[in-house]
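What follows is a set of notes on a single structure, which appears directly below.
Bear in mind that the values in this text are calculations on the coordinates, not laboratory data. Keep in mind the model is a prediction, meaning the values are calculated, not measured. Because the Cβ atoms are built from the backbone with ideal geometry, glycine has one as well, and the counts that use them run over all protein chains shown.
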Amino acid sequence: MDALLKAKLPLTMSVPEYRAFVDKLVAEETTTGDHPGPELVSFTKLNNRRMSRLDRTNKLVPEVRTALQRLQGHYLWVVITEPWCGDAAQAIPALAKMAEAAPNVEMRLILRDEHPDLMDQYLTNGNRSIPKLICIDRDTEEVVGTWGSRPAEAQQIVIDAKAAGVPKEEFLRQVQMWYNRNGSVAIQHEVMALLNAAEAVPA
């Protein structure tokens, strides 16, 4: 683990702390960032409702639950996020359920815009895309993989839509419809693949 990531760990939030933080933002009708305008405030409110709904409706795939319970390594997940991010609202409830089911996984969250130096070490195709999951092996303190900012199939929708000149509002609607159909199945499988790869590396 590099020195910067290690220095940021005390500044991270647990899942309950993060959710309480977002609740407080909603109650105060504000959000994060240097310019929390009305649009981002609206997105934060929407995402808070979305996360609460997904907490109730998301189910772990049985084989994923079993695999999580059988992990041999010990892992820390640091998730870079923001409350107004729609993809983060989809991923965080699923990741939290996975971490809760895995005795050897702890999940922490940190805000992107308060820590741009950390974000810039974990770019996706040169972009500050979130959410970004950083998976750290507790025993070796090494980063063994990352995931984000959205499942591969959802990302392909965005790539194809941009190539076709589809307006942003429309392709984001398409991505949301995909999430509604898929639930968190793709997220679970992709993150589990990351863990399986980490487990396969000789100690």
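Summary of values
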item: Size of charge dipole - region 3-200 - debye, nearest 20, with Cβ of Lys, Arg +1 and Asp, Glu -1, no other charges; result: 600
item: Helical contribution to [θ] at 222 nm, DSSP H n ≥ 4, -39,500 (n - 2.57), averaged over the chain, rounded to 500; result: -17000 deg cm²/dmol
item: E169 versus K6: modelled label distance in nm, points set 7 Å from Cα along the beta carbon direction; result: 4.9
item: Subset of K132/K162; K24/K168; K59/K132; K6/K162 violating a 31 Å alpha-carbon distance limit; result: K6/K162
item: Tensor-based shape of region 1-44 (alpha-carbon gyration tensor, a/c under 1.5 rounded, otherwise prolate or oblate); result: oblate
item: For region 35-77, fraction of C-alpha pairs farther apart than 18 Å, in %; result: 57
item: Furthest towards positive pole of dipole, W84, N58, Y18, structure part the chain, Cβ charges; result: N58
item: Nearest-ten-degree value, helix 152-163 long axis tilted from longest Cα axis of the chain; result: 40
item: Ratio Rg/Rh, restricted to region 42-115 and using Cα atoms, in which Rh is the Kirkwood radius; result: 1.01
item: Cα convex hull volume per residue for region 1-134 (Å³); result: 117
item: Rule-of-thumb Rg ratio for region 124-203 [Cα; 2.2 N^0.38 Å; N residues]; result: 1.31
item: Calculated from backbone phi, Karplus (6.51, -1.76, 1.60) coupling profile of region 177-194 in Hz, x at Gly/Pro; result: 4, 5, 4, 4, 6, 7, x, 10, 4, 5, 4, 4, 5, 5, 5, 5, 4, 4
item: Dipole magnitude of region 1-77 about its Cα centre (Cβ charges: Lys, Arg +1; Asp, Glu -1), debye to nearest 20; result: 440
item: Charge dipole (region 2-123, unit charges on Cβ, about Cα centre) - positive-most of A67, V41, V105; result: A67
item: Length released on extending from Q156 to D113, taking residue separation times 0.36 nm less the Cα-Cα span; result: 12.9 nm
item: Segments 95-105, 35-45, 177-187 sorted - mean Cβ within 10 Å per residue, highest first; result: 95-105, 177-187, 35-45
